[in-house]
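Before any comments, here is the structure.
Derivation of every value follows stated rules applied to the coordinates shown; laboratory data play no part. Note that the coordinates shown come from a computational prediction; the quantities given were computed from them, not determined experimentally. Positions of Cβ are backbone-derived with ideal geometry, glycine not excepted, and every protein chain shown enters the neighbour counts.
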Amino acid sequence: MKTSFFAGLFLLATLPLSSQNNAENYQIKVKKSSVAIHLDGALDEAAWQTGEEKAEAFKLCFPNDTAYSPWTTEARLTFDDRNLYVGAICRQRRVDYTVQSLRRDFGGGTTDVFNVMLEPSKDGLNGFIFSVSPLNVQREGLISTGETMSLEWDNKWYSAVQNFDDYWTVEIAIPFKTLRYNVSEGENSWGIQFIRTKVKEFESSVWAPVPFQFSNTNLSFNGRLLWETPPPKPGANISLIPYAIGGASLNYLRDDNSLEIKERKQDWTGGLGGDAKIGLTPGLNLDLTINPDFSQVEVDRQVPNLSRFELFFPETRQFFLENRDLFAMYGFPDTRPFFSRRIGLAYNPVKGQNEKVPILAGARLSGKLSDGLRIGVLNMQTKRQDWDTTSVLPAANFSVVTLQQKVFSRSIISGFVVNKQNFLDDLGDTQREGWQPWNRVAGLEFNLYSKDNRWEGEAYYHRSFSPDEAKQGSTAAVFQGYRDRHFSANLGYMRVDSTYSADAGFVPRTGVQSVFPGIGGRIYPEKGWAARHITNYVYGTDGSLTFGLSGKSTDRDLSAYFGASFKDQSYVGMAAFNTYVFLFDPFDPSNTGKAQLPVGGYTNYGVRAEYLTGTSNNWQGSVEVSNAGFFNGTIFSSDGLLAYRWQPVGRFSLQYSYNRIRLPEPYASTDFWLVGPRVEASFRRDLFLSAFLQYNTQANNFNLNARVQWRFAPVSDVFLVYTDNSYAESIPNTPIRVFAPKNRAVVLKVVYWLNV
């Protein structure tokens, strides 16, 4: 099976695939301005008024891709020795503006926006996006793996907007030193795309056409930006970002048996640290950090865990997010050889919860050595943590080295090494138990992205190395997928040895092999009510089949689904599914300490329905309900969201998750609630509030995380953060009552961005 998959991937990569050749049909020249551009949004300089070079006649990509947008857009470009300038006229009634808040880096689909997407490398995989709303709220991000937008990247650039009754104008200045690119002696060209999104009566339009089934940020459909004279060399780009922090915390230490408070422990903390961002070459960046602190990062969104395995929580710390495709995207979702949350976060066995671990320093080198070759090098050092006299987390060093070579039109061959080094010399014999001095994973991968983005594939082989032979093993996988306007299909296979070990990665399960089948389609209504309101129907089957290495079935999750997507972005769908779980050990899914389910196989069936609104209206929401068998009982689940957009102040929402588990005696039946109100408010363009509550009965925890942010200068902030954890429910025969305290903390942090 593996051999045929590899052969199929190679064949598909070499096929002469046809696509819309936007690079030839959609081109715009940029000329150097002979006059200074005054950034006021007026578009009254001569550089905007002369010449025929402009991007116009934007074509819809939603709700259809067969018509031009009735709300026209006209974009022009010019440049000088310091900046690339973009000017645009966006037709839209002022009364129809939708701007969720005045806070930077707004989410997709929430706010009217004009976007310019730049692809200096023209590799179809990596690019930049700069966005401005009608109220001059900015957003910038990186595009990776061909179409994935991440908003964690920050840099200084400038914009100005003017508003009129039936249109608005915008001027954007992007400093060349903000971008990474090479300049050649002859012709210079970049990939470019202009994107408009109008939320009311939702529509998205693009200059270079993008088919309906693809994201409008897909780089394979970019047009071309032709430089009449070469752009200036980007020059040195050095930024220093120091911070100062102070805070206080109060921990309520309780007796393990009686849960009586035995000590109220107060701690006062303070410190200095910072980052440096250094552009070494036009394509290569060096990021340095000393004593980093991530206290301003919002706490994790909790989710119920009814499985036997560790859950994946996404990374939210900015240092690890920039260029994360170079480090964090190897393997399949359950076989990541490197998972950055292993750095600076660890499980405290004494308190039974995850805690922060001090990071002493770190460095990351990432970028392009040439147009086709990318490099990533990361090294981080953490400090030893003494949980108690016998339980210790040793100091550790984490290192990653990776190389990616572009092949064919957009595909990649990659190699990497991940190393975790534990420093055990200063630990006692008892403290050293269970720790290996080092663990390493090396691997090779091939990622297929066809020129027209219809074919996608992956094949990898990773091997782990440790002093203990019981932790030396491998994992390998292949995946192949196809999607076009009417049809999609995929098939994947993954194997993980029982001896495979990735201490710096995310591998919740070893000793298994899995198959991932899927097939689906789209139907586009052409007549009647459906054609006026529905963009497409979707249908198909997907799932996973997991077996032990001997071939015995251990898990199964298969579903058949049908749904309809509407022109206002709402969606309604339903599914029927079949599951199978084999328990190798007794298990209590209620986590109540009652009788555990016996070893054996459990087959169940269920149905699921969901509905979600679009973002066109101020009131938004979603709801999903399912009813199914659950081991030897039943489970009813419901997840939902209700939100209100009070523009341009912010968004107020309430999210919930409910699981009603019913098992026969003597096994426990229980109800799990997870309720999370959230407030995101912008009082001014420089003052923001984010408050998030989580009431979790499964973890018996009530969490409040509130953050005030004052942006006193470009990309420079003051953060005031308050965190409070308490019990969500009382515990019988103990002093624990609802909201009995666990710990509290307040932090004040000042960050300043200085360009050298």
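Things to note:
- Among [x] 16, 50, 29, 6, 1; [y] 14, 47, 34, 4, 0; [z] 16, 46, 31, 6, 0, the entry derived from the coordinates for P(r) over Cα pairs in 20 Å bins from 0, in percent: [y]
- Under 18 Å from the Lys351 label point (7 Å along Cα→beta-carbon), backbone N, the stretch 290-321: 293-302
- Size of electric dipole in the chain: Cβ of Lys, Arg +1 and of Asp, Glu -1, about Cα centre, debye, nearest 20: 280 debye
- Each of Thr499, Thr50, Thr178 was scored by other Cβ atoms within 10 Å of its Cβ. Arranged with the fewest first, they read Thr50, Thr499, Thr178.
- For Lys552, the lysines whose Cα falls under 22 Å of its own Cα, not counting residues fewer than eight places away in the same chain, are Lys2.
- Taking a ≥ b ≥ c as the square roots of the eigenvalues of the Cα gyration tensor, the stretch 512-684 is classed as oblate, since a/c reaches at least 1.5 and a/b does not exceed b/c.
- Inter-part distance where the stretch 351-406 and the stretch 458-480 are each reduced to a Cα centre, Å: 20 Å
- Backbone N within the stretch 448-488 under 11 Å of label point (7 Å from Ser409 Cα along the Cβ vector): 449-455
- Listed by chain and number, the aspartates and glutamates whose C-alpha is less than 12 Å from the C-alpha of Lys122, apart from same-chain residues fewer than 8 away, are Asp371.
- Rounded, prolate or oblate (a/c below 1.5 giving rounded, otherwise prolate when a/b exceeds b/c) for the stretch 265-393 by Cα gyration tensor: oblate
- Each residue in Thr335, Thr66, Thr697 was given a count of other beta-carbon atoms within 10 angstrom of its own, and listing them fewest first yields Thr66, Thr697, Thr335.
- Packing-based exposure ordering (other Cβ within 10 Å, fewest first) of Arg374, Arg483: Arg483, Arg374
- For the stretch 464-522: rounded, prolate or oblate by the Cα gyration tensor [a/c cutoff 1.5]: prolate
- Computed helical MRE - 222 nm, the chain, DSSP H runs ≥ 4 contributing -39500 (n - 2.57), nearest 500: -1000 deg cm²/dmol
- Listed residue pairs exceeding 28 Å between alpha carbons, taken from Lys262/Lys749; Lys29/Lys156; Lys54/Lys527: Lys262/Lys749; Lys54/Lys527
- Counting lysine pairs in the stretch 312-504 whose alpha carbons fall under 29 angstrom apart, excluding pairs fewer than 8 residues apart on the same chain, gives 14.
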